[in-house]
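Contents: one structure, followed by commentary.
The values are calculated or read from the model by the stated rules, or taken from the named source; none is laboratory data. Keep in mind the model is a prediction, meaning the values are calculated, not measured. So basically every Cβ, Gly included, is an ideal-geometry build from the backbone, and we count neighbours across all protein chains shown.
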Amino acid sequence: MTTSPQVALVAQRLAFTYASGAGLKRADLVLAPGETAAVEGPSGSGKSTLLALLGLILTPAAGSLCIGGTDTGALAPSERDLLRRREIGIVLQDLGLLTFLNAWENVAAAFGPRLGRHRSNARDLLGDLGMAELADRPVAELSGGQRQRVAVARAAVKQPVLVLADEPTSGLDPKNADLVMGSLRSCAAQGAAVLLVTHDRGVAETCGRRYALDGGVLSAASMENARSVSTRKEGPA
Ligand SMILES: Nc1ncnc2c1ncn2[C@@H]1O[C@H](COP(=O)(O)OP(=O)(O)O)[C@@H](O)[C@H]1O
Ligand SMILES: [Mg+2]
């Protein structure tokens, strides 16, 4: 399949099944550069699985996925790894920051082990995200919201085509959630397509597109079903 490079992501009938039988049944999704999209859904509905598929961490059992005009189904494993490293920034649910490094070193680590080469780039980006004063602080000494912004900076520093974030505001107070969303929006302003999964309807409402994931099936969220999905009494995934 060929897609225009003006499209950041095209997923068609994407599906994945774990050995348990659970997983993602069907996702169709198109994102343009600069767009923000939210996927809402209860725990266990397949949100993290969807992000892992879009982030080329899991390989789909069915369907097609194009990122930045590249059909990922046609790639060898080493080419998939390269595409992931170059074009996709991922903010995982547990962040995966290196606690023995400071904030800018964690951001620079996106490029590999030679941190010093990317020092000014990493520090500039942290500055853009309101973290200039904290760039030299070990991440172990940062608050939850500050760590989230370091993880967003690490995902964004290579100016990827696609930024994926798994519940980036969960556990944050409204002020820190706003700061984290502001940093994701600035990725979009620089041309990335940003997709986040969230339990927070207020967060989803700030995104340009909204989708609902229920029972492994992704659909465009109408206001009615978005409301019912987000008011379900489920804890964070
Ligand atoms: N590694 C795994 N092995 C087997 N089943 C899994 C695995 N990861 C997730 N699942 C199952 O797949 C479904 C979707 O999970 P997940 O994508 O983590 O949902 P969410 O992020 O929406 O909470 C759930 O039923 C979950 O139990
Ligand atoms: Mg999850």
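In table form, for the structure just shown:
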quantity	calculated
Odd one out for LEU65, checked against (1) buried (at least 18 other Cβ atoms within 10 Å of the Cβ); (2) under 22 Å from VAL217 (Cβ atoms); (3) within 16 Å of ligand 2 (Cβ to nearest atom)	(3)
So ARG149, is it basic (Lys, Arg), more than 16 Å from ligand 1 (Cβ to nearest atom) and modelled with pLDDT under 95	yes
From LEU196, LEU142, LEU164, LEU184, residue being of a type outside the set (D, E, K, R), modelled with pLDDT of 90 or more and touching a Gly at 6+ places or on another chain (Cβ under 7 Å)	LEU164
Count - residues of the stretch 124-160 that are out of contact with any strand residue (DSSP E or B) (no Cβ under 7 Å at 6 or more places or on another chain) and either within 30 Å of ALA8 (Cα to Cα) or free of Cβ contacts under 8 Å to residues at least 24 places away in the same chain (or both)	22
Residues of the stretch 41-54 satisfying the condition of being in contact with a Leu (Cβ under 7 Å, 6 or more places away or on another chain) and either of a type outside the set (Gly, Ala, Ser) or away from ligand 2 (no atom under 13 Å from the Cβ) (or both)	LYS47, THR49, LEU50, LEU51, LEU53, LEU54
